[in-house]
């Protein structure tokens, strides 16, 4: 079982999700759960054996401005502070 995700360092950069069939199927189920219930989650591993969690959160269209940008390069990072990561203001669920 292995799943890697390579996020955007800056604007317009390609995002890659690379994994074996089993973990891609697990990710698919977690996405389907988030679509239906609002949240989905899987625990997976990198190819070095280190485990991590992927959380999927469904938002409404009007919430898009309440989410910090995902870029990790310093010059592209969102400078806003989060009350509840990745949300700028805590959500009322």
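Computed values, structure above
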quantity: Rounded to 10°, Cα long-axis angle of helix 21-37 versus longest principal axis of the chain; calculated: 40
quantity: Cα-Cα separations in the chain greater than 22 Å, expressed as whole percent; calculated: 39
quantity: Over the chain, relative contact order from alpha-carbon pairs under 8 Å, at least 6 apart, %; calculated: 25
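Every number in this text was worked out from the coordinates using simple rules, so none of it is lab data. What you see is a predicted model; the values in this text were computed from it and never measured.
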